[in-house]
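Here is the structure we will look at, set down as structure tokens.
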Amino acid sequence: MTDNLLTQLAITSDSTRPGRNGGMILTGARVSVGLPFEPARFLRHGWQSWSLTAWTDAAGRLPRTRPTLLYPMHTDPRYAGEKRPNGSWYGAVETGEGRVLLLGALDLESHVLLDGRSLTGRYESGTGEWFVAAGEEGEVLARYAALLAERLGRGRAEKPPRVWCSWYSLYTEIHEGQLLKILADLGDLPFDVFQIDDGWQKGIGDWEPNAKFPSGMDGMAARIKATGRTAGLWLAPLLVVPTSELFRQHPDWLLRDARGRLVSAGFNWGEAMFTLDTTHPEALAWLAGLMQKVRAWGYDYVKLDFLYAGALPGKRHTDLPREAAFRQGLQTIRTALGDAYFLTCGTPIFPSLGLCDGMRVGPDVAGHWQSRRDDQVLVNFAIPGSRNALRTSLNRLWLQPLVHTDPDVIYFRRAQTSLTDEQRSLLQDLGRAAGFRATSDVPAWLSAEERQALKTYFETEPEVERTGRTAFRIGGRAVDFAPHINLPPLPGFFTRLEGALVGGLASVPIVMRTFDALGQQGVKKTLDQHPV
Ligand code: 9PG
């Protein structure tokens, strides 16, 4: 099991001992592993669901992603300026012939960095343990997953449900009548969960139904349950925007920096976003009450989004390290949710393990595959886009022993997307490989043939076997995602200049607000022209 490469490493740590399942366990606030060669490829692991996770060229330094206003939504803002290959909690390098060397933290608040021939691990505060192992990639990651399960635990739901989710067709333009029409039109399609996404609430922080839901959220849940499906609901419980009642009533619950200024959680819905301090006892009690309310309404599947906000750097009511503070908040939420299926989204990955059943492991899919703006101009692979989603999700499937890995929804419809047949089928195979299957397709937008394909997809469970980093056998068919997930070449000088300009503009709130309003207009127009 032990790779003889391990004997050639120059290790600096407080202590070193052999691991129970091979490899080594190091301790230290800072450890370093000197390699006998200069690695060519580094596995960069992103902080939260949407953050880029990919094998990258170890020599090529990825530029800062843009725009800066959205840092907290796309990466760990603390390391956003780090140009050397780096990643949250773990990193790995290729050692040749499908083999890798992994340096992975076993505790939270940890980061790994590659500096020439040296892999370095650092704890942000205090000290902790590290796992070092070499060997076949899948096997090394499986051993790491086993160690993490011992410390952080696993999800408790047996089987991932099959989900219909409102977001990727209707976005925030949802309302009661339209959702009930879709619920009826789903008919015999085999969905376990009907999940209402963003758009039902009065505001971000004010989790009460808005005027578009006159029967209330309890009324909606009852209608969903009457069809034999589980009712699901989306919330972003840690976020607070300035226009909310919550923001006005409890400014003291919000996360601030050492100088007392509000910590930015990014910008969305045309507004600045801030976050609850999950160590504030009153905020915690409020969160527990919110979860109990949602359960009492009748929702047994809960998607909690934008969770990264709770783990941002800041000065907290109780002086806890930021990921520990987040985990404590999530524990309160988990307890209050009781036996509901709990899906985390936009979540820091390791701090959620053991406390949720499912976890979004990549950025959002979209009706488009890729865009020049995101790939070349902004060099941002955390922005919604189907190729971005495929790339990052695929590199996180090793988490499967710990949590249901949600790679986001799959499209069967051709309408309202620019995806090719091949691209749609890649996403469908990703859903099978990930074991978590969902869609937002509106029945009225499906042809008879597409509806049948969707039905067959959700009814059948072909056998899935992973045969390599990017390769699978799915129902006897060989599928290789490799040609579809490479990072595009870095932009040249003029594109970088364009990036500085576009990225700068995108950091101006009024520009983002306009952009957001235009997006919403676009969705309204689509829904007018293509009734659901
Ligand atoms: C609802 C959505 C859906 C979706 C979530 C999340 O600007 N951004 O980078 C950005 C990324 C993701 C995102 C929204 C904005 O989507 O992943 O499934 O629930 O929120 O608002």
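The values are calculated or read from the model by the stated rules, or taken from the named source; none is laboratory data. Just so it is clear, the model here is predicted, and its values are computed rather than measured. We place every Cβ from the backbone using ideal geometry, glycine too, and count neighbours over all the protein chains shown. These area figures cover heavy atoms from the full protein model, side chains too; ligands, DNA and RNA do not enter into them. Shrake-Rupley method; radii C 1.70, N 1.55, O 1.52, S 1.80 Å.
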Hypothetical label at Thr318: residues of the stretch 348-367 whose amide nitrogen lies under 18 Å (7 Å Cα-Cβ projection): 351-352, 355
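Could you give the length gained by full extension between Lys524 and Thr456, i.e. 0.36 nm per residue of separation minus their alpha carbon distance, to one decimal place? Working shown, then result.
Working: separation 68, 0.36 × 68 = 24.48 nm, distance 3.09 nm.
Full extension of this stretch gives 21.4 nm more.
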C-alpha long axis of helix 216-225 to longest principal axis of the chain, angle in °: 80
Cross-link pairs Lys159/Lys293; Lys202/Lys455; Lys202/Lys225; Lys83/Lys525 - those with Cα-Cα distance over 32 Å: Lys202/Lys455; Lys83/Lys525
Whole-number D in µm² s⁻¹ for the stretch 155-290, Kirkwood Cα-pair radius fed into Stokes-Einstein, 10 °C, 1.306 mPa s: 95
Accessible area (Å², 1.4 Å probe, nearest 10) - Lys83: 100
Selection from Phe306, Trp445, Phe494 lying farthest towards where the dipole of the stretch 163-529 points positive, charges on Cβ: Phe494
Spin-label model distance (nm) - Ala478 vs Asp57, 7 Å beyond Cα toward Cβ: 2.8
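Provide the three semi-axes, in whole Å and in decreasing order, of the ellipsoid equivalent to the stretch 332-380 as defined by the square roots of 5 times the Cα gyration tensor eigenvalues. Present the calculation step by step, with values, prior to reporting the outcome.
Numbers: eigenvalues 204, 27, 10 Å².
Result for the stretch 332-380: semi-axes of 32, 12, 7 Å.
Quote the FRET efficiency, to the nearest 0.05, computed for Thr27 versus Arg373 with a Förster distance R0 of 35 Å and r equal to the Cβ-Cβ distance.
On the way: r = 45 Å, r/R0 = 1.28.
Efficiency, rounded to the nearest 0.05: 0.20.
Given the convex hull over the Cα atoms of the stretch 375-417, what projected area results after averaging over all orientations, in nm²?
Numbers: hull surface 16.4 nm².
Hull-based average projected area comes out at 4.1 nm².
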Gain on full stretching of the segment that runs from Glu245 to Phe37 - 0.36 nm per residue minus C-alpha separation: 69.1 nm
Relative counts (whole %) of C-alpha pair distances in the stretch 5-104, using bins that are 10 Å wide: 14, 41, 33, 12, 1
Other-chain or far-sequence residues with amide H under 5 Å of Leu106's (modelled H): Glu129, Trp130, Phe131
Rg to Rh quotient for the stretch 289-400, alpha carbon positions, Kirkwood Rh: 1.03
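By the gyration tensor of its Cα atoms, with a ≥ b ≥ c the square roots of the eigenvalues, what is the shape of the stretch 380-495: rounded for a/c under 1.5, prolate for a/b over b/c, or oblate?
Values: a/c = 1.88, a/b = 1.19, b/c = 1.58.
Here the stretch 380-495 falls in the oblate category.
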Relative contact order (percent, whole number), the chain, Cα cutoff 8 Å, 6+ residue spacing: 15
Label-point gap, in nm, between Thr467 and Lys212 - each point 7 angstrom along Cα→Cβ: 4.5
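Order Tyr341, Tyr171, Tyr299 by their accessible area, 1.4 angstrom probe, all chains in place, largest first. List each step's numbers first, then the result.
Numbers: Tyr341 25, Tyr171 65, Tyr299 0 Å².
Largest to smallest exposure gives the sequence Tyr171, Tyr341, Tyr299.
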Distance between modelled label sites at Ser118 and Leu505, nm, 7 Å Cα→Cβ extension: 4.4
Listed peptides 114-126, 49-61 by packing density, highest first (mean Cβ within 10 Å): 49-61, 114-126
Over the stretch 1-55, equivalent-ellipsoid semi-axes from the Cα gyration tensor in Å: 23, 16, 13
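Output the antiparallel fraction of DSSP beta bridges having both residues in the chain, as a percent to the nearest 5. Mind showing how you got there, number by number?
Numbers: 62 of 85 bridges.
If I count the DSSP bridges inside the chain, around 75 percent turn out antiparallel.
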Calculated FRET value between Asp14 and Thr335, using beta carbons and R₀ = 45 Å, to 0.05: 0.80
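Determine, from the Cβ-Cβ distance of Thr227 and Ser125 and an R0 of 60 Å, the FRET efficiency 1/(1 + (r/R0)^6), rounded to the nearest 0.05. Mind dumping the intermediate values first?
On the way: r = 49 Å, r/R0 = 0.82.
Efficiency computed from Cβ-Cβ geometry: 0.75.
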Long-range tail of P(r) for the stretch 477-532 (Cα pairs > 14 Å, %): 74
Amide H contacts under 5 Å for Thr56, placed H, 5+ residues apart: Phe42, Leu43, Arg44
The stretch 163-529: radius of gyration and largest Cα-Cα distance (Dmax), Å: 20.5, 60
